[in-house]
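Report on one structure; see the data block that follows.
The values are calculated or read from the model by the stated rules, or taken from the named source; none is laboratory data. Predicted model, so just to flag it, every value in this text is computed and none were measured. Note that we place each Cβ from the backbone using ideal geometry, even for glycine, and neighbour counts take in every protein chain shown. The area values use the complete protein model at the heavy-atom level, side chains included, leaving out ligands, DNA and RNA. Shrake-Rupley method; radii C 1.70, N 1.55, O 1.52, S 1.80 Å.
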Amino acid sequence: MKFVCLKRSQILKYVVALVLLLFGGVRVFQVLIAPKEAAVYSFSWEPVAFFSLFVVFSIIASGYIKRTVDFLKGSIRSVGIISGFLEVKDIDNQVGYKPIVTYKDMDGQEHKFHSSVLKDNKKEIGREVPIRYKMHEPSAAEVDSFLAIWAIPIFFVLVAFLSLVFSFIS
């Protein structure tokens, strides 16, 4: 069994980081920097909540980014044809259409998938669209567009960023 020895300065860094995370994140850091204002500082849970949301959404965003990068690294570009649409309704009962894309993999086998990008009309049947599919799992495919591939990771990065901003200003 091997033991890890940490220097006193390393232990201090970890303790400070843990305290910052547990007791208000950014606010505790601000109090450490400006002790004169600390006398008028009253503790509030809002920064803690927003900083906690920042941590959670950062973890979720990093997972989606890793998944997206792995998909891009292990995928092949091809061309598919919009063969139909799947009608979906949102909370307000507004109708949107997810394209059903048909394509052939390298072995010539035909596959279908529903794109994650919503369309507002069904006029595009028969149109060719660029796609990406996993080499070893051809059924995992998506339309090769920035929005279709990066929308979810960018959404979670923006929510994490906004949570961090609100932890500073609350």
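In region 54-67, the residues that are under 22 Å from Ile169 (Cα atoms) never reach a residue that is surrounded by fewer than 14 Cβ atoms within 10 Å (Cβ to Cβ) with C-beta atoms less than 8 angstrom apart, at least six apart or across chains. So is Val157 at pLDDT 90 or above and open to solvent by less than 70 Å² (accessible area, probe 1.4 Å) or not? Considered against the rule, which asks whether it is at pLDDT 90 or above and open to solvent by less than 70 Å² (accessible area, probe 1.4 Å), Val157 comes out as yes.
Could you identify the single residue in Leu164, Leu158, Leu72 that is closer than 30 Å to Pro47 by Cβ and in contact with a helix residue (DSSP H, G or I) (Cβ under 8 Å, 6 or more places away or on another chain)?
Step by step, each of Leu164, Leu158, Leu72 is checked, and only Leu164 is closer than 30 Å to Pro47 by Cβ and in contact with a helix residue (DSSP H, G or I) (Cβ under 8 Å, 6 or more places away or on another chain).
Looking across region 103-113, just one residue is within 26 Å of Asp90 (Cβ to Cβ) and surrounded by 15 or more Cβ atoms within 10 Å (Cβ to Cβ), and that is Phe113. If the condition is being under 22 Å from the mean Cα position of the chain (by Cα) and either open to solvent by 70 Å² or more (accessible area, probe 1.4 Å) or among the hydroxyl-bearing types (Ser, Thr, Tyr) (or both), then region 115-138 contributes Ser115, Ser116, Leu118, Tyr133, Lys134.
When region 68-82 is filtered for residues that are among the charged types (D, E, K, R) and touching a residue at least 24 places away in the same chain (Cβ under 8 Å), only Arg77 remains.
Going residue by residue through region 111-120, is there one that turns out to be under 17 Å from Phe146 (Cα atoms), among the hydroxyl-bearing types (Ser, Thr, Tyr) and touching a residue at least 40 places away in the same chain (Cβ under 8 Å)?
no
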